[in-house]
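In what follows, a single structure is set out as structure tokens and then discussed.
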Amino acid sequence: MNPRGDSTSGSDGAPEPRRKSKKPKYSRFTQQELPACKPLLTPAIVVTTFAFIGIIFIPIGLLSLSASEQVVEIVYQYDTDCIPEQLQNDKVAFIQSSKTNKTCTRTLTVPKNMEGPVHIYYELDNFYQNHRRYVKSRSDKQLRSKASETVTTNCAPEATTSDGSVIVPCGLIAWSLFNDTYSFAVNSKIIEVNKKNIAWQSDKEHKFGSDVYPKNFQMGGLIGGAKLNASIPLSEQEDLIVWMRTAALPRFRKLYGRIETNLAANEQITVTIQNNYNTYSFEGKKNLVLSTTSWIGGKNDFLGTAYLTVGSLCLFLAIGFIILYLLKPRTLGDPSYLSWNRNPDGHY
Amino acid sequence: MAANRPSLNPSAPPDDDPDVLPKAAFRSRSSSSRHRAERIPSSSSNSAVAFERSTSKPVASYGSKRSDSEKLGSQREINDDDARFVYVNDPERTNQPIKFADNSIRTTKYSVLTFLPRNLFEQFHRVAYVYFLILAGLNQVPQLGVLTPAASILPLAFVLGVSAVKDGYEDWRRHRSDRDENNRTAQVLAPGGEFRPKRWKDILVGEVVKVTADETLPCDMVLLATSDPTGVAYVQTINLDGESNLKTRYAKQETQSTPPESNAGLIRCEKPNRNIYGFLASADVPGEKRVSLGPSNIILRGCELKNTRWVVGVAVYTGQDTKVMLNSSGAPSKRSRLEAHMNREVILLAVALVALCVIVTVLAGVWLANHHDELNDLPYYRKEDYSKRETDTYNYYGVGWETVFSFFKSVILFQVMIPIALYISMELVRLGQAFFMIKDKNMFDEASKTSFQCRALNINEDLGQIKYVFSDKTGTLTENKMEFRCASVGGVDYSAASDGEEDGHSITVDGETWRPKMSVKTDPELMNAVMGGEGIEKANRSRDFFLALATCNTIVPILVDTPEPSLKLIDYQGESPDEQALVYAAAAYGFVLMQRTSGHILIDVLGERQRYDVLGLHEFDSDRKRMSVIVGSPDGTVKLFVKGADNSMFGVIQKNLDLDIVHATKTNLHSYSSLGLRTLVVGMRELSEHEFKKWQSAYENATTALIGRGKLLKTIASNAERDLRILGASGIEDKLQQGVPEAIESMRQAGIKVWVLTGDKQETAISIGYSCKLLTSEMTQVVINSNSRESCKRKLQDAASMSSRLAGAGSAKSPLALIIDGTSLVYILETELEEELFEVATTCDVVLCCRVAPLQKAGIVALIKNRTDDMTLAIGDGANDVSMIQMADVGIGISGQEGRQAVMASDFAMGQFRFLVPLLLVHGHWNYQRMAYMILYNFYRNAVFVFILFWYVFYTEYSLISAVSEWSSVLYSVIYTALPTIIVGILDKDLSRKTLLKYPQLYRAGQRDERYNLKLFIFTMMDCIWQSIAIFYIPYLAYRHSDVDVSGLGDLWILAVVILVNIHLAMDVFRWNWITHASIWGCIAATVICVIIIDSIWMLPGYWAIFTMMGTGLFWLCLLDIIVAGMVPRFATKALTEYFWPSDVQIARELEKFQNLNASTISEIPLSTFFSHP
């Protein structure tokens, strides 16, 4: 005999859903009565919120601006400047020729005291390191270990040399490695440029193998940029590692090195630039940047301005709302504002 | 003994035109046969089976209902080709050459093997998924590969996977219950001649099965024998059709006496079909002539055996062939209005998507054309490949092709503009909402122990936008529990029913006291008349009246034990509540129906036991609108008792007899129906010997006729029912359900128009209208009851001019009520007058339709549905409401007294009419609000992300790359931001239950589409563009001159957008409980963790980027600035509109907050307590 209780299971899934259902047990959850907080945008909250944001943001903005102000930055655009007068009309020929002298010496004045370390960046413009064809043209497996040296799936058109041997590091990114060099001197005294630890530690340790050595690099028909010393493992090729962190925007800086000493105001720095890198064929600009840093990074007026704008907007809104609330007050929760009370003759 | 007469074959079917009968129309008048008409209108032929309730007929009944199978034209013998041959007790032979389905059942949709293909096939019915599949396919083309193959299919795979898991889990539960079911055991006759237990799934067609009391039947069986010597068995069919009363089934006399093991023979029965009220078969019993079998000889799987010690039957249909299984139908599938509107916006988004792609394509084309010559000089483009012997172009197909590729790449990149997770989110949200509706204790019906049922899972939000409610009356507004209230006997009105004897009338049988289960208040004067205190004529008339009530019915008395051994209760089981009420009334006046056997009934007439032979019974049918019974009295006379609707009865009474009485009865009837009572007229005639003989031979001929049996029987009935002497009339009260007037008032305040569609007569309908406060005394009533097109037209025009006059009168206008009857509707519906009716009806506040047929009910729903955008809801409990329930946007079935077709056809089912109030005003409002917000939010959320990608495209030479890592991109809409919106969609409440009930007017927000409309969509999209600009350009400007790498900036963007959209959601949450907190903040945390994990994979270019970024102050300052700058416009707008242009909902929220309405006792508020608004 079957107990009555399960006798209804005969129709489970059949047309008849379980009919004798148990009374739902009361719980705050099932009755949707969980204790809850019900925020409401009362005038006090609105005004306080805006005022609070204003009060927080304006100081942050001022702090950011002053931090940015303290950053000393020397930007020197040398792409046109470093080409001899007579070759200005054919920059590409100049840069592609192996015979021209590409050394370019200029003097920069330090506007303010620069406390070390002073970061040396090169800044390229109109160079789309974020272009789809470019970004994809690399092999992270090959960079990391010798065992995967032949993994060059995505590296075309710089995967192999014309005789089929593998290029290490392969791909367009590595191929187009930046190859201008800078050296600095103050009063004929050479300033040491520290090129160690310019790349991320994580990249050196995990992304670029210490057993991977450059091979067949820049041996193809077209030379894209710098050559690499085949006896140094990739994990120590920091310029390459920096370059391979592809930039997000078409105008970008990359760390070149650091000057560990302080530079005094009005000091004359002699910069010797080896202007090798071809940005002329696509009208790319090249800048040399010397910059100190602060807690917001390099020179950045935008953020401070943005904070000041948003902060003052909020203060303005706070005041505006106060005025509005005073001009047109409304009792919160007054039933007489309900549409059917305001307009009792309306459509019922 | 009656059973031996061939004419008593219970399967002999009389006729009845089953379609398009207004159930309630005759229910109110001919209670005894109310159920006869409970037919599904022809429009819904398959999904709901026609209700044929011949089953509780006594053996001696002279006919049962024509089954559907007969209706299909198979009155003749079943053709051998269409028959199933069952050799009793010989399963081997039965199952040859073709083995019939075994008795295992499978309600599951899938098996392990078919799950994947079938489920995927079903899911890809959704166009959006096909779109995503095509895009994933396009992405695999090397030239178009924007994403890695794995990433491109992940989102689709994820949403398909979640759906599949959900479907799979549901199916697994079904599978489990199937398994339990299949492994139950039943007693099956083994070769040795004894019954042995056997598992259900192993039962074969042809096997003989024994079932004992209270057991569930394992398969469909033809009864061979029962413990009752006359072969009666009672079954409860609650699992089959939801009716709780007992049905009577019979074993054939030819097999009843045979011991089970020596049963043999051949049953030829029709092929399995889904009609649970039809069965057609014949049996060749050895040594007997061929006997025919009908629906009353079969007991169906799923029923329970009651009041019968055992039955033995032979399995004829097993497993999937059983009628219960053939009837399993899925829930109806409808699409909600919100979803329809949503699709409009999806198309807008698709247009926007194409526009974005075209912009990108054109710009990419222009760029390529301009730089065509220098492409090879660009280190980041490098058109040519020098690594081969011959210089080749590398992955470059010319400007034209590259431009075309740009288009497809941009579609792939921006594909999430169409929110992929929206569909699955909506499914999950509806599931959650359904859970809460089912669990709501305020919608649990204590009386029937039923909780709310959600049968359709895709129109929850429609409940918040209902404008019209079409309600059935009987069983929906009323309880459908009939109480005998008053009688008019011989033209004298006896309605002073007072509290009579407390325990009611009782009789003594063999020392035991038998008492009817329900006592009825008696009128002392009538009682006196019955007892003879008012003269012999009154005594005879009133005795005949109650004798008619006690005999002219199909009630089966069943004895119920009480704790007291000497006291037994008589429970009158029958299909018609009206009949039950009449029999209880007769019992109260001393005419106790004691026993019903095959050929006779036993009645205790004022203490004297009398046996009446039931010689014939004429079923109710819609043409005659009456039923009658021919009984042989103990004194040897043959009497015909008839009861039926007044207009049908007054047509067959003896014209020139008792004119005063007829007139007085008519007056009484009118006053009864004005009180809202259901009236019936009872009459009788004595048959002479000659008449009886003539009738009997005609009746026997008819019952044995093979063709046209029903028609013949109808003619015979009509011939017999004439020249009646009127005995009296009865008034039965159908009580209003609890809380109906309050519910109607609430709905009216909520701006919902309630239309009542009933089969009752006009007076009854109006009086019910008053008692449920649908009609009020200040209303102007417009009545349309015409018999011709012209007068209908005239009345409609009058009504129209009146309504416009009233509308012109301005604020003092009195509300209008339109009352229209079914006859007039015949001339109006589907003619050019329909338009005028629509005009008039929509200006009226209340519409009452009386005497309407089921299809007319649907027609009225269609009248509104086809002409307006307003949402319609139909609520009903009976088979006659099915067409209207299916027609309306939302169909609700009352799971009450009337069986389950209404529930089967409905989208939602519940126990009481008043649950409509919490369902619409509370859950409907919430569901609509939640779903509307969720859809808008999903659009917004995905669009923000797409716009961020879009802005970046301008800084990548249109090369369609995204700074955000591709894994973050694909996880964005399915993981990073999906859960909080689902949780909020399930849990958030703008207002408390109490407020919503206190101010029903708040419901109009849904009717006005306040939470989802094109304006809101456009506003949201503008907000979304601003936010995307803030998210994109603040970091862009801040990092313009820095050495930031792609991944670092991408990480900032993805974190910013996830935090911003979650804050946006947080700002719009009305009620913060711990689950909301956990989901929103948890989701942000989960995103951070995901980004960290992605950036910890050395294979990906973004390795360690997030850590480097987080180490700088600039990153955090950017994030904060983005969030504030992004949110300020929305926050300010929100504060401004909420304060200066507050919606009703907003004011109610403030009321809740400041008037402390929402004390901790919300849940204790009884539903019936509705506050009248101030």
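Please treat every number below as a calculation from the coordinates, not as lab data. Remember, predicted model here, so these are calculated numbers, not experimental data. All Cβ positions, even for glycine, are placed from backbone atoms using ideal geometry, and neighbour counts span all protein chains on display.
Tabulated results
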| read-out | value |
| --- | --- |
| Rg to Rh, two decimals, where segment B:723-827 supplies the alpha carbon set and Rh follows Kirkwood | 1.05 |
| Among B:L640, B:M627, B:Q580 the positive-end extreme of the charge dipole of segment B:545-661 (Cβ point charges) | B:L640 |
| Three-way shape call for segment B:463-570 based on the alpha-carbon gyration tensor, with the a/c threshold at 1.5 | oblate |
| Between 0 and 90°, nearest 10: helix B:925-953 axis offset from chain B longest Cα axis | 20 degrees |
| Local electrostatic count at B:S992 - Lys and Arg +1, Asp and Glu -1, tallied over other residues with Cβ under 10 Å | +4 |
| Kirkwood Rh and Cα Rg combined as Rg over Rh, evaluated for chain A | 1.25 |
| Charge tally in the Cβ shell below 9 Å around B:T226, where Lys, Arg are +1 and Asp, Glu are -1, B:T226 excluded | +1 |
| Only Lys, Arg (+1) and Asp, Glu (-1) charged, at Cβ; chain A dipole about Cα centre in debye | 1560 debye |
| Relative contact order of segment B:108-246, defined on C-alpha pairs under 8 angstrom at six or more residues apart (%) | 13 percent |
| Helix-derived mean residue ellipticity, 222 nm - over chain A, DSSP H n ≥ 4, -39500 (n - 2.57), to 500 | -7500 deg cm²/dmol |
| Within segment A:219-265, GluC sites (Glu not before Pro) in DSSP loop having at most 14 other beta-carbon neighbours inside 10 Å | A:E260 |
| Set of lysines with alpha-carbon distance to A:K141 below 17 Å, sequence-local pairs under 8 removed | A:K204, A:K207, A:K215 |
| 3J(HN,Hα) from dihedral phi, segment B:1046-1061, Karplus parametrisation 6.51/-1.76/1.60, rounded to Hz, x for glycine, proline | 3, 5, x, 5, x, 5, 4, 5, 5, 5, 4, 5, 5, 5, 5, 5 |
| Residues whose placed amide H lies under 5 Å from that of B:I819, excluding near-sequence neighbours | B:V782, B:V783, B:I784, B:L848 |
| Share of alpha-carbon pairs per 10 Å distance bin for segment B:544-660, given as whole % | 13, 43, 32, 10, 2, 0 |
| Residues in segment A:114-154 that a label on B:T148 would reach, taking backbone N under 14 Å of a point 7 Å out along Cα→Cβ | A:136-142, A:153-154 |
| Hull shadow area, averaged, segment A:31-75 [alpha-carbon convex hull, nm²] | 6.4 nm² |
| Net charge contributed by nearby residues that have their C-beta within less than 13 Å of B:L1052 (K/R +1, D/E -1) | -4 |
| Whole-Hz couplings from phi, Karplus 6.51/-1.76/1.60, listed for segment B:912-924; x for Gly and Pro | 9, 4, 5, 5, 4, 5, x, 5, 7, 5, 9, 5, x |
| Under Karplus coefficients 6.51, -1.76 and 1.60, residue-wise ³J(HN,Hα) of segment B:978-989 in Hz, glycine/proline x | 7, 4, x, 5, 5, 4, 5, x, 8, 9, 5, 10 |
| Long-range Cα-Cα pairs in segment B:311-442 (distance over 21 Å), rounded percent | 69 percent |
| Ratio Rg/Rh, restricted to segment B:340-412 and using Cα atoms, in which Rh is the Kirkwood radius | 1.20 |
| Between segment B:508-587 and segment B:969-992, the Cα center-to-center distance that results, in Å | 63 Å |
| For segment B:769-843: rounded, prolate or oblate by the Cα gyration tensor [a/c cutoff 1.5] | oblate |
| Spatial separation of Cα centroids for segment B:109-129 and segment B:134-208, in angstrom | 11 Å |
| Cβ-based exposure ranking for B:D171, B:D877, in which fewest neighbours within 10 Å come first | B:D171, B:D877 |
| Mean-position separation - Cα centroids, segment B:853-915 and segment B:380-444, in angstrom | 42 Å |
| Lysine-lysine proximity count for segment B:419-482, Cα under 18 Å, sequence distance 8 or more or distinct chains | 4 |
| Principal axis dimensions, largest first and in whole angstrom, of segment B:122-251 by Cα | 84, 36, 20 |
| Cys with no candidate disulfide partner in chain A (beta-carbon separation under 4.7 Å rule) | A:C37, A:C314 |
| Cα-based equivalent ellipsoid, segment A:97-156: semi-axes from gyration tensor eigenvalues, Å | 37, 19, 15 |
| Histogram of C-alpha separations across segment B:94-174, 5 Å bin width, % | 3, 12, 18, 16, 13, 11, 8, 6, 4, 4, 3, 1, 0, 0 |
| In Å, descending, principal axis extents of the Cα set of chain B | 120, 83, 59 |
| Point-charge dipole on Cβ atoms (K/R +1, D/E -1) for segment A:269-348, about Cα centre, debye to 20 | 140 debye |
| Shape box of the protein assembly as shown [Cα atoms, principal axes, largest first, Å] | 146, 83, 62 |
| Positive dipole terminus of the protein assembly as shown, leading residue within A:L255, B:V86, B:G265 (C-beta point charges) | A:L255 |
| Taking N as its residue count, the alpha carbon Rg of segment A:161-318 over 2.2 N^0.38 Å | 1.33 |
| 222 nm mean residue ellipticity, helices alone, for chain B (DSSP H n ≥ 4; -39,500 (n - 2.57); rounded to 500) | -13000 deg cm²/dmol |
| Simple Cβ-charge dipole of the protein assembly as shown, Lys/Arg +1 and Asp/Glu -1, about Cα centre, in debye nearest 20 | 380 debye |
| Which of B:V682, A:L124, B:G475, positive extreme of dipole for the protein assembly as shown (C-beta unit charges) | A:L124 |
| Peptides ranked, highest mean first, by Cβ atoms within 10 Å: ranges A:201-207, B:656-662, B:726-732, B:981-987 | B:726-732, B:981-987, A:201-207, B:656-662 |
| Chain A: most fluctuating residue of A:L124, A:L222, A:L308 per GNM, C-alpha cutoff 10 Å | A:L222 |
| Residue of A:G311, A:G164, A:G257 that the Gaussian network model of chain A assigns the largest fluctuation, springs spanning Cα pairs under 10 Å | A:G164 |
| Mean Cα-pair separation over length for chain B, i.e. relative contact order, pairs under 8 Å, 6 or more apart, % | 14 percent |
| Residues whose placed amide H lies under 5 Å from that of B:L724, excluding near-sequence neighbours | B:I653, B:Q654 |
| Kirkwood-Stokes translational diffusion coefficient of segment B:360-506, alpha-carbon pairs, 25 °C, 0.890 mPa s, µm²/s | 100 µm²/s |
| Scaled radius of gyration (Cα, divided by 2.2 N^0.38 Å) that segment B:79-121 gives | 1.79 |
| Shape category assigned to segment A:21-170 from the gyration tensor of Cα positions, a/c cut at 1.5 | oblate |
| Residues whose placed amide H lies under 5 Å from that of A:G257, excluding near-sequence neighbours | A:I120 |
| Segment B:975-1069 - Rg (one decimal) and Dmax (whole number), Cα, Å | 18.7, 62 |
| Set B:K655/B:K711; A:K38/B:K865; A:K99/A:K286; B:K753/B:K1015; B:K655/B:K857; A:K136/A:K254 screened for pairs whose C-alpha atoms are more than 30 Å apart | A:K38/B:K865; B:K655/B:K857 |
| All aspartates and glutamates inside 13 Å of A:K196 as judged from Cα atoms, apart from same-chain residues fewer than 8 positions distant | A:E236, A:E238, A:D239, A:E260 |
